[in-house]
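Novice: For reference, the structure I am asking about is given below.
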Amino acid sequence: LQENQINCITGRIPLGQRGRLFPSFTSMPVRRIPQTIIVGVRKGGTRALLEMLNIHPDIVVAKSEVHFFNLDENYQKGFDWYCAQMPLSQPHQLTIEKTPGYFASLKAPERIHSMNSSIKLLLIVRDPAKRVISDYTQVLHNRKERHKPYQPLEEILIHNGQVNTNYKAVQRSLYDVQLSNWLQFFQLNQFHIVDGDRLIVDPLLELRKVETFLGLPPRIEPSNFYFNQTKGFFCLHLRGHEKCLDHSKGRPHPMVNSTVLEQLCAYLEEHNQNFFSMVGRTFKWC
Ligand SMILES: Nc1ncnc2c1ncn2[C@@H]1O[C@H](COP(=O)(O)OS(=O)(=O)O)[C@@H](OP(=O)(O)O)[C@H]1O
C-alpha cells in the first residue's frame, strides 16, 4: 500500500509531509485509517467494548461493522472505500473499527498486516462454551423472526455422541486455532486481550488496561457507567445521554442440557489450554 495512493491519513505519513499532502492536518477533522482494530471474537462483547472506548475523548469509532478485510466484495472496493467508512477525527484522536468476523477470517491477518504492520489489535474473548451458546442464541433468534425451522442446540452440537466439530459456532470458539493464523503476521505484543466475561461485571477495570495499551491517558471514569437492573448489564452515561446496548446484546440464553455442556467443555479444554500458553495468561472458563 502506497500511503499517498489513498485518500486518507494513515497516521504513518512522515511529519514533514503532512502539511503539504494534507493541508487540513492540523486544523480540520479528516477521516483516518484505524490505528487500532477490534478483530473479535464474535459474541465476545465487541460492541460493548467499542461503545465504552467511544467515551474516551481521544478515541473516535466507526459506528457500523466494516467487514473490509474479511469480505472479498468489500476488500475489492479498495482503501478509499475503507477510509470513507471511518469517522472524522482530530490529529490527536485514535480511530477504531470493530468487525468480529476478522478473527476467524483466513485472509484478514495478511490484509491488515499489509495495510499497517505495526497496528495495535484488540481481541476480546469470552468463555468459549458461553460464546457457542450466545452464537446459537443469535441464529435461533433470527430464524424464529423469519419463521424458519430451528433445532435445539443439543441436536446441532452432538453428532453420534461426539461434539460436532463442523458446527461453525464450535469452530469460532477455537481461539488457539485462529490466533495461530494471526501470529504468522503479528507479534503477540501487538495484541491486547480483553476479558469479555470481566467486561460484563467490571467494565472500568478492563477499559483501564485498554487505555494503557493504547498509550492514552485514563479518561473513562466510574461515573460513565451505571448498572441497569432491567437490562441486567452496565449501560453508559455518554455525553449527557444514557445508553444501553440494543436488544440483540444480552439476550437470555436457552437452558442447555448439562451433560452436553460438559461434553462441549471437555472438547474445548485442550484448545483453551493451548490458547492460555500462546498468550501467557489463563482465564476461568467452563
Ligand atoms: N454492557 C453490556 N451490555 C450488553 N451486552 C454486553 C455488555 N457487555 C458485554 N456484553 C456482551 O456482549 C455480547 C455480544 O457480543 P458482541 O457485541 O461481540 O456480538 S457480535 O459478535 O457483534 O454480534 C452479549 O452476548 P449475549 O449475552 O449472548 O447477548 C453480552 O453478553
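Novice: Full extension from ASP58 to LEU106: what is 0.36 nm times the residue separation minus their Cα-Cα distance, to one decimal in nm?
Specialist: Working: separation 48, 0.36 × 48 = 17.28 nm, distance 3.13 nm.
Value of the extension gain: 14.1 nm.
Novice: Right, another one. With no solvent and one equal point scatterer per Cα, compute the Debye intensity ratio I(q)/I(0) for segment 76-148 at 0.21 Å⁻¹ and report its log10, rounded to two decimals.
Specialist: -1.08
Novice: Now for a different question. Hey, any idea what the orientation-averaged projected area of the convex hull of the chain's Cα atoms comes to, in nm²?
Specialist: Numbers: hull surface 65.9 nm².
Mean projected area for the chain: 16.5 nm², to one decimal.
Novice: Along its three principal axes, how long is segment 58-207 when you only count alpha carbons? Whole Å, largest extent first please.
Specialist: 55, 35, 30
Novice: Something else: Which order do the peptides 147-159, 239-251 take when ranked by the mean count of other beta-carbon atoms within 10 Å per residue, highest first?
Specialist: Numbers: 147-159: 14.1, 239-251: 11.7.
Ranking the peptides 147-159, 239-251 by packing returns 147-159, 239-251.
Novice: Using the C-alpha atoms of segment 128-212, what convex hull volume per residue, in cubic angstrom, is computed? Don't jump to the answer; show the numbers that get you there.
Specialist: Details: hull volume 11.9 nm³, N = 85.
Taking the convex hull of the Cα positions in segment 128-212, it is 141 Å³ per residue.
Novice: On a 31 Å Cα-Cα criterion, which of the cross-link pairs LYS43/LYS148; LYS144/LYS209; LYS98/LYS168 come out too long?
Specialist: Over 31 Å Cα-Cα: LYS144/LYS209.
Novice: Taking the C-alpha atoms of segment 175-259, how large are the radius of gyration and the largest Cα-Cα span, Dmax, in Å?
Specialist: 16.6, 47
Novice: Ok, one more. To the nearest 0.05, how large is the calculated FRET efficiency for ASN189 and GLU269 if R₀ is 22 Å and r is the Cβ-Cβ distance?
Specialist: Working: r = 27 Å, r/R0 = 1.21.
With a Förster radius of 22 Å, E is 0.25.
Novice: Taking R0 as 22 Å, what's the FRET efficiency between ARG251 and LYS148 from their Cβ-Cβ distance, rounded to 0.05?
Specialist: Numbers: r = 18 Å, r/R0 = 0.80.
The calculated FRET efficiency here is 0.80.
Novice: List, largest first, the extents of the alpha carbons of segment 208-251 along their principal axes, each in whole Å.
Specialist: Computed over segment 208-251, the largest-to-smallest principal extents equal 34, 22, 14 Å.
Novice: Also, quick follow-up: Restricting to DSSP H runs of at least four residues, report the calculated mean residue ellipticity at 222 nm for the chain, -39500 (n - 2.57) per run over all residues, nearest 500 deg cm²/dmol.
Specialist: Working: 12 runs with 108 residues, N = 286.
After summing the helix terms and dividing by residue count, I get -10500 deg cm²/dmol.
Throughout, read-outs are computed from the coordinates displayed, never taken from laboratory work. All of these numbers come straight from a predicted model, not from anything done at the bench. Here Cβ is always computed from backbone atoms with ideal geometry, including for glycine, and neighbour counts include all displayed protein chains.
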